[in-house]
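Engineer: So that we are looking at the same thing, I have put the structure below in structure tokens.
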Amino acid sequence: MAVVLSATGAVRGVGFGFLPVDHERFVMSERVRARVFVSGRVQGVYYRANTRDAARARDVDGWVRNLDDGRVEAVFEGDEAAVESMIEWCHTGSPAADVRDVDVTYEESDGESGFAIRR
């Protein structure tokens with residue numbers, strides 16, 4: 001099950017193919033997972049290191065990595081408030097970053113443990 005949101009929070013897509021998401025069950029989950037794609041000037045500005053530090057400070061598990069197309073991809077897992085806080089943080093990111101867009105997809109929790117920078 002997945003819910004895809006734009007940077008403005010508008011729903012871009014919902015569910016597995018043609019199956020709708022059971023919104024109440026999804027929201028009530030104790031642990032949530034969000035996959036985030038951040039675009040703009042987000043590489044070479046310590047975005048990944050700052051993401052790791054911000055996630056650890058919020059007790060959020062997951063990982064972050066640079067993509068070949070210039071974006072940064074991150075996965076956040078934890079309680080809903082902490083994950084939403086990380087998503088909000090991504091809109092600004094590191095002090096030297098210039099974030100243009102943040103796309104978020106919510107997924108089933110996968111049991112991430114700790115937070116790492118992937119290469």
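Engineer: Hey, rough spin-label estimate for ASP79 and GLU107, points 7 angstrom out along Cα→Cβ, what's it come to in nanometres?
Structural biologist: 2.4 nm
Engineer: For the pair ALA116/ARG100, report the inter-label distance in nm, with labels modelled 7 Å from Cα in the Cβ direction.
Structural biologist: 3.0 nm
Engineer: Under 11 Å from the 7 Å Cα→Cβ point of TYR46, by amide nitrogen: which residues of the stretch 85-119?
Structural biologist: 94-97
Engineer: Across the stretch 75-90, in residue order, what do the Karplus-derived ³J(HN,Hα) couplings come to in whole Hz, using 6.51 cos²θ - 1.76 cosθ + 1.60 with θ = phi - 60° and x for Gly and Pro?
Structural biologist: For the stretch 75-90, the Karplus curve yields 10, 10, 10, x, 6, 4, 5, 5, 5, 5, 5, 5, 4, 4, 4, 4 Hz.
Throughout, read-outs are computed from the coordinates displayed, never taken from laboratory work. Small disclaimer: the values here were computed from a predicted structure and weren't measured. Note that each Cβ is placed from the backbone with ideal geometry, even for glycine, and that neighbours are counted across all protein chains shown.
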